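Here the structure is laid out as structure tokens; the discussion comes afterwards.
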Amino acid sequence: MQVHLLGTAQDGGVPHPGCDCRRCGAARTDPALARMASCLAVQAAEGAPAVLLDCTPDFPRQSALLKARTGSAVPAAILLTHAHLGHYLGLAFLGREALSAKALPVHCTDAMGAFLQANKPFRHLLDRGEIVLKEAGLEMPGLKATSFQVPHRNEDADTVGWRLESGGRRVLFIPDFDAYTPRMMEEIAAADLAFLDGTFWADGELKGRDQKSLGHPPVKEAMEILKDHAAKVRFLHLNHSNPLLEDGPERAELRALGFGLAAEGETVRIQRP
Ligand SMILES: [Zn+2]
Ligand SMILES: [Zn+2]
Ligand SMILES: [Zn+2]
């Protein structure tokens with residue numbers, strides 16, 4: 001199995017719209033510091049069809065990266081986690097104004113499907129057959145994907161994490177959640193690699209906002225919860241406020257404890273056991 005990291009940031013990306021912090025300012029002048037919204041592409045093996053996990057507002061650039069990595073700008077299927085802007089808005093680019101997809105399977109929960117049906121930009125894609133809604137699970141030769149519910153602010157639908165299985169190996173993608181649950185801990189224990197919510201480094205990171213109401217266990221606390229699984233964890237979905245975006249003492253602390261960070265553009269190959 002191989003995993004291509006097409007994006008590693010929180011929904012709003014880096015630089016964050018409207019933010020004049022030092023980090024966002026630097027990312028506006030140096031594209032190498034910019035980060036796209038969290039998105040993975042997974043293949044059972046090199047040359048196999050690619051499955052896209054989440055479809056972000058950065059889809060135009062991410063589909064170019066997908067083509068560079070897999071040979072096709074269009075994935076074989078899309079798996080969605082939830083109805084927050086960084087995770088599904090990119091579907092709009094599959095319509096006739098842009099990519100004009102043909103019956104591209106979009107796998108999501110019933111609640112997420114109902115949300116897409118109820119909102120015209122996405123309803124049009126369904127009515128024109130550019131995308132087709134499928135159940136929240138997928139099986140194709142050499143690759144199986146299974147979803148499970150995770151707690152998150154569910155204003156419009158629900159939220160899932162995804163488990164990808166291929167050749168006896170398991171990869172998890174859970175970019176957004178409010179707390180670690182026993183089910184999630186079981187999934188993490190059984191996984192070979194886990195891409196997990198690393199939105200914030202620590203409490204109090206968002207000046208002037210009630211960070212607790214936003215969920216997202218801070219990485220500093222998560223590392224204690226996950227200490228037995230450090231080697232398989234790679235944090236992603238980093239907010240522009242997260243100091244892990246820079247090579248500083250926080251990254252050194254994370255690495256010293258054995259944890260990893262997802263790197264945009266990277267391809268991770270997971271060998272058969
Ligand atoms: Zn998000
Ligand atoms: Zn900022
Ligand atoms: Zn979210």
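Bear in mind that the values in this text are calculations on the coordinates, not laboratory data. Keep in mind it's a predicted model, so treat the numbers as computed, not measured. Neighbour counts are summed over all protein chains in view; Cβ atoms, including those assigned to glycine, are modelled from backbone coordinates with ideal geometry.
In region 229-269, what residues are out of contact with any Cys (no Cβ under 9 Å at 6 or more places or on another chain) and within 16 Å of ligand 3 (Cβ to nearest atom)? Talk me through it step by step, then tell me what you get.
Filtering region 229-269 for residues out of contact with any Cys (no Cβ under 9 Å at 6 or more places or on another chain) gives 229-239, 242-269.
The answer is Phe235, Leu236, His237, Leu238, Asn239, Asn242.
Scanning region 178-215 for residues that are surrounded by 21 or more Cβ atoms within 10 Å (Cβ to Cβ) and within 20 Å of Pro243 (Cα to Cα) gives Phe195, Leu196, Asp197, Gly198, Thr199, Phe200, Trp201. For region 225-237, the criterion of being of a type in the set (A, V, I, L, M), loosely packed, with under 15 Cβ neighbours inside 10 Å and under 26 Å from Cys24 (Cα atoms) is met by no residue.
Going through Pro15, Pro49 one at a time, which residue ends up being away from ligand 3 (no atom under 16 Å from the Cβ), in contact (Cβ under 8 Å) with a residue 24 or more places away in the chain, surrounded by fewer than 18 Cβ atoms within 10 Å (Cβ to Cβ) and not hydrophobic (A, V, I, L, M, F, W, C)? First the steps, then the outcome.
Numbers: Pro15 fails: surrounded by fewer than 18 Cβ atoms within 10 Å (Cβ to Cβ).
Among Pro15, Pro49, only Pro49 is away from ligand 3 (no atom under 16 Å from the Cβ), in contact (Cβ under 8 Å) with a residue 24 or more places away in the chain, surrounded by fewer than 18 Cβ atoms within 10 Å (Cβ to Cβ) and not hydrophobic (A, V, I, L, M, F, W, C).
It is to be established whether one or more residues within region 15-34 are within 13 Å of ligand 1 (Cβ to nearest atom), over 18 Å from Ala83 (Cα atoms) and within 21 Å of the chain's Cα centre (by Cα). Looking through region 15-34, at least one residue is within 13 Å of ligand 1 (Cβ to nearest atom), over 18 Å from Ala83 (Cα atoms) and within 21 Å of the chain's Cα centre (by Cα).
For region 64-90, filtering for residues that are assigned to a helix (DSSP H, G or I) and either surrounded by 24 or more Cβ atoms within 10 Å (Cβ to Cβ) or touching a helix residue (DSSP H, G or I) at 6+ places or on another chain (Cβ under 6 Å) (or both) leaves 4.
Considering region 220-250, the residues that are in contact with a Gly (Cβ under 6 Å, 6 or more places away or on another chain) and farther than 20 Å from Asp54 by Cβ include one that is farthest from ligand 2 (Cβ to nearest atom), namely Ala231. It is to be established whether one or more residues within region 24-32 are closer than 18 Å to Leu143 by Cα and buried (at least 21 other Cβ atoms within 10 Å of the Cβ). The answer is no, given that none of the residues of region 24-32 is closer than 18 Å to Leu143 by Cα and buried (at least 21 other Cβ atoms within 10 Å of the Cβ). Does Asp58 qualify as being among the charged types (D, E, K, R) and within 22 Å of Leu125 (Cβ to Cβ)? Criteria met by Asp58. Residues in region 238-255 that are in a helix (DSSP H, G or I), of a type in the set (A, V, I, L, M) and either in contact (Cβ under 8 Å) with a residue 12 or more places away in the chain or crowded, with 17+ Cβ neighbours inside 10 Å (or both): Leu244, Leu245, Leu254.
From the residues in region 208-237 that are assigned to a helix (DSSP H, G or I) and over 20 Å from Ala194 (Cβ atoms), which one is farthest from ligand 1 (Cβ to nearest atom)? Show your work before the answer.
To start, the set of residues in region 208-237 that are assigned to a helix (DSSP H, G or I) comprises 211-214, 219-225, 227-232.
Among the residues that remain, those that are also over 20 Å from Ala194 (Cβ atoms) are: 211-214.
Values: Gln211: 15, Lys212: 17, Ser213: 15, Leu214: 10 Å.
Looking at the filtered set, the residue picked out is Lys212.
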